[in-house]
Amino acid sequence: MQLDNLYQEVILDHYKHPQNKKLSPVFDAQVHHVNPSCGDEIDLNLTINDGVISNISWDGVGCSISQASVSILTELLIGKKIADAYSILDQFVALMQSKGAVPGDEYVLEDAIALAGVSKYPARIKCALLGWMAFKDASVQAQAKSKLD
Ligand code: ZN
């Protein structure tokens, strides 16, 4: 896989120094997602307070793309309103499904833009999306729970 060198560095940096990679014992929703085609696994704990993502913590094993992507996600989404997080999620999914045709908005996606090149490699898109799908699942569960409280 050939990725832009700068982008490759961002991915490797997140892989070697993952952010928020320690499951918080306090959470509103906890999910476990796997990507069988690559062997990637992610546990993700999410806390939402008054519509704002107050914490995302995770643990996982797998390839550099999957692990870096969830690390990037936590930096990007913690502190965001849930609606804004969904907007970023939608843009990231669109970027991954673009087959390299869409450059992506660096101001919105920040470090996640480094994964843009992955969209040209269909086998790896699930790696990049794993953490994001885990977040989406957890956010739905957390919001359903808060309606019951
Ligand atoms: Zn993978």
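No value in this document is a laboratory result; all are computed from the given coordinates. No experiment lies behind these values; they were computed from the predicted model shown. Note that each Cβ is placed from the backbone with ideal geometry, even for glycine, and that neighbours are counted across all protein chains shown.
Being among the β-branched types (Val, Ile, Thr) and in a helix (DSSP H, G or I) is the filter here; which residues of segment 80-103 pass it? If you could, list the steps in order and put the result at the bottom.
Going through segment 80-103, the residues among the β-branched types (Val, Ile, Thr) turn out to be 82, 88, 93, 102.
ILE82, ILE88, VAL93, listed by residue number.
Could you check how many residues of segment 99-130 are surrounded by fewer than 20 Cβ atoms within 10 Å (Cβ to Cβ), under 17 Å from the mean Cα position of the chain (by Cα) and among the charged types (D, E, K, R)?
Of the residues in segment 99-130, 4 are surrounded by fewer than 20 Cβ atoms within 10 Å (Cβ to Cβ), under 17 Å from the mean Cα position of the chain (by Cα) and among the charged types (D, E, K, R).
Only one of these is under 15 Å from ASP137 (Cβ atoms), more than 16 Å from the ligand (Cβ to nearest atom) and surrounded by 20 or more Cβ atoms within 10 Å (Cβ to Cβ): LEU73, LEU77. Name it. Talk me through it step by step, then tell me what you get.
On the way: LEU73 fails: more than 16 Å from the ligand (Cβ to nearest atom).
So the residue among LEU73, LEU77 that is under 15 Å from ASP137 (Cβ atoms), more than 16 Å from the ligand (Cβ to nearest atom) and surrounded by 20 or more Cβ atoms within 10 Å (Cβ to Cβ) is LEU77.
Of the residues that sit in segment 1-15 and are within 16 Å of the ligand (Cβ to nearest atom) and outside any loop (DSSP other than H, G, I, E, B), which one is surrounded by the most Cβ atoms within 10 Å (Cβ to Cβ)?
Kept after step one, since they are within 16 Å of the ligand (Cβ to nearest atom), are these residues of segment 1-15: 1, 3, 8, 11-12, 14-15.
Right, trim to outside any loop (DSSP other than H, G, I, E, B) and you get 8, 11-12, 14-15.
Details: GLN8: 15, ILE11: 24, LEU12: 13, HIS14: 26, TYR15: 17.
Taking the candidates together, the pick is HIS14.
Please determine whether any residue of segment 71-79 is touching a strand residue (DSSP E or B) at 6+ places or on another chain (Cβ under 8 Å), more than 20 Å from GLY39 (Cβ to Cβ) and not in a helix (DSSP H, G or I).
Within segment 71-79 (the criterion being touching a strand residue (DSSP E or B) at 6+ places or on another chain (Cβ under 8 Å), more than 20 Å from GLY39 (Cβ to Cβ) and not in a helix (DSSP H, G or I)), the answer is yes, since at least one residue qualifies.
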